[in-house]
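Peer 1: Submitted below is the structure of interest, expressed as structure tokens.
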Amino acid sequence: MEKKNIDWSNLGFGYVQTDKRFVSNYKNGTWDEGTLTSDANVVINECAGVLQYAQTCFEGMKAYTTEDGHIVTFRPDLNAKRMADSAARLEMPVYPEDKFVEAVKQVVAANAAYVPPYGSGATLYVRPYMFGSSSVIGVKPADEYQFRVFTTPVGPYFKGGAKPITIKVSDFDRAAPHGTGHVKAGLNYAMSLHAIVTAHAEGYDENMYLDAATRTKVEETGGANFLFVTKDNKVVTPKSSTILPSITRRSLMYVAEHYLGLEVEEREVHIDELKDFAECGLCGTAAVISPVGKIVDHGKEICFPSGMEEMGPVTKKLYDTLTGIQMGRIEAPEGWICKIC
């Protein structure tokens, strides 16, 4: 299979239209079989539920070329389960989890020429999403829905290596108690846009959101979970009912315990204990881990001992091990790697 003529080493993290995408429609209480299509355009009514009341959810994952030349994706069953949870919370029909995985496999296989070669640092980003497609003028769920999966080749999130970033404690709230913070709803990301634009304008790379109820506990950023390392090398992640359950974060915690022999803990993390941690990172699909060198809390700087030049030693081991698993250099736990071709 001949690859597309793309300058893989200079790809940015953006949208490049590929040949095929998957589309399935929900009507009269059932999903159709779905199909691959070359048409990248979505045509919906002006009164569609997604346009009026933001009834939409999505997922993000990647396909890779492994060291031995296979194209694989990483734990798609967990993405399928998380989308099912998101859909149920938004009163949308659940797309069957087995069909979700099959749709992802079909789209990646159909766009195999766009999967970057091993060693390029680039990957194929996969975006499954669902939205209310029928007209809705009263505030209620739509009657019809569309599930789609598209792909786009993307370059490494950090060109030239991951340098620690500086983030700020945000004055905005990301999610309310008993709200939708635990699902991957489009509306969660819409509300974060003003906050991230504000942070960038102030010279920061990202926001740290606190819990909305007490504003004393760490939650997450607009698009990634937090991971901390204590001075005695324990890996800690915040626990909250309003945090999105990151698949990358869950995988890193497993790697920390079972591959690196580290103690791990998921618990509430209070903002006043940040100064006691040795390392900090943001974990998600796009970058795997983004190291954090400094957190600014309304003028008070919290600098991690790992510094502003490179990833801390534990964070680096976590990153190298998980990416090694994804790329086939390290043996994966059973069920983690889904071979496509």
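Peer 1: Compute log10 of I(q)/I(0) for segment 1-98 with the Debye formula, placing one identical point scatterer on every Cα and leaving out solvent, at q = 0.13, 0.14, 0.16, 0.24 Å⁻¹, to two decimals.
Peer 2: -0.68, -0.78, -1.00, -1.56
Peer 1: Pop out the ³J(HN,Hα) list for segment 81-92 in order, Karplus 6.51 cos²θ - 1.76 cosθ + 1.60 with θ = phi - 60°, rounded to Hz; leave Gly and Pro as x.
Peer 2: Each residue of segment 81-92 in turn: 5, 5, 5, 4, 5, 5, 4, 4, 5, 9, 6, 10 Hz.
Peer 1: Taking the dipole about the Cα centre of the chain, with the C-beta of Lys and Arg at +1 and of Asp and Glu at -1, give me whichever of THR123, GLY222, ALA40 is farthest to the positive side.
Peer 2: The residue sitting farthest along the positive end of the dipole is ALA40.
Peer 1: Which whole-Hz couplings ³J(HN,Hα) result when phi for each residue of segment 304-319 is put into the Karplus expression 6.51 cos²θ - 1.76 cosθ + 1.60, θ = phi - 60°, listed in order with x for Gly and Pro?
Peer 2: Ordered by residue, 3J(HN,Hα) equals 7, x, 5, x, 10, 9, 7, 4, x, x, 6, 4, 5, 4, 5, 4 Hz.
Peer 1: ³J(HN,Hα) across segment 174-181 via Karplus (A = 6.51, B = -1.76, C = 1.60, θ = phi - 60°), whole Hz, x for Gly/Pro?
Peer 2: 7, 8, 8, x, 6, x, 10, x
Peer 1: Follow-up. Rounded to the nearest whole Å², what accessible area per residue is found for the chain with the 1.4 Å probe?
Peer 2: 45 Å²
Peer 1: Given segment 60-154 reduced to its alpha-carbon atoms as identical point scatterers, what log10 I(q)/I(0) does the Debye formula return at q = 0.14, 0.16, 0.20 Å⁻¹?
Peer 2: Each listed q maps to, in turn, -0.56, -0.68, -0.92.
Peer 1: ASN45 to ASP232: FRET efficiency via 1/(1 + (r/R0)^6), r the Cβ-Cβ distance, R0 41 Å, to the nearest 0.05?
Peer 2: 0.10
Peer 1: What's log10 of I(q)/I(0) for segment 194-341 at q = 0.11, 0.14, 0.16 Å⁻¹, Debye sum over Cα points only, no solvent?
Peer 2: -0.42, -0.67, -0.87
Peer 1: So for each of 232-244, 267-279 I average, over its residues, the number of other beta carbons within 10 Å; can you give me the resulting order with the highest mean first?
Peer 2: Top to bottom by mean Cβ count within 10 Å: 232-244, 267-279.
Peer 1: What is the extension gain from ALA54 to THR37, computed as 0.36 nm multiplied by their sequence separation minus the C-alpha to C-alpha distance, in nm to one decimal?
Peer 2: 3.6 nm
Peer 1: Follow-up question, since we're still on this one. Sort the following peptides by mean Cβ neighbour count (other Cβ atoms within 10 Å, averaged over residues), highest first: 1-12, 286-297, 42-53, 201-212.
Peer 2: Taking the mean over residues of other Cβ atoms within 10 Å, the ranking is 286-297, 201-212, 42-53, 1-12.
Peer 1: Can you tell me what percent of all Cα-Cα pairs in segment 218-297 are more than 18 Å apart?
Peer 2: So the pairs more than 18 Å apart make up 34 percent of the total in segment 218-297.
Peer 1: Kirkwood-based Rg over Rh for the chain (C-alpha set), two decimals?
Peer 2: 0.96
Peer 1: For a quick protection proxy, order the peptides 20-31, 72-83 by their average other-Cβ count within 10 Å, most packed first.
Peer 2: Averaged packing, sorted descending, gives the order 72-83, 20-31.
Peer 1: How would you classify segment 114-189 from its alpha-carbon gyration tensor, with a ≥ b ≥ c the square roots of the eigenvalues: rounded for a/c under 1.5, else prolate if a/b is greater than b/c, otherwise oblate?
Peer 2: Taking the square roots of the gyration eigenvalues as a ≥ b ≥ c, segment 114-189 is oblate.
Peer 1: Would you mind computing, in nm to one decimal, how far apart the modelled labels at PHE172 and LYS81 are, each placed 7 Å from Cα along Cα→Cβ?
Peer 2: The modelled label-to-label distance comes out at 3.1 nm.
Peer 1: Sequence neighbours fewer than 8 away in the same chain don't count; with that in mind, list the lysines whose C-alpha is under 27 Å from LYS105.
Peer 2: Filter leaves LYS3, LYS4, LYS20, LYS27, LYS62, LYS81, LYS184, LYS339.
Peer 1: Still on this structure, please answer the following. Could you compute the FRET efficiency for ARG89 and GLU2, with r as their C-beta to C-beta distance and R0 at 45 Å, rounded to 0.05?
Peer 2: 0.55
Peer 1: Additional query: Using a 1.4 angstrom probe on heavy atoms only, work out the carbon and sulfur share of the accessible area of the chain in %.
Peer 2: So the carbon and sulfur contribution to the accessible surface is 50 percent.
The values are calculated or read from the model by the stated rules, or taken from the named source; none is laboratory data. This one's a predicted model, so the numbers in the text were calculated from it and none came from an experiment. Backbone-built Cβ (ideal geometry, glycine too); neighbour counts: all protein chains shown. Surface accessibility is based on the protein's heavy atoms, side chains included, excluding ligands, DNA and RNA. Shrake-Rupley method; radii C 1.70, N 1.55, O 1.52, S 1.80 Å.
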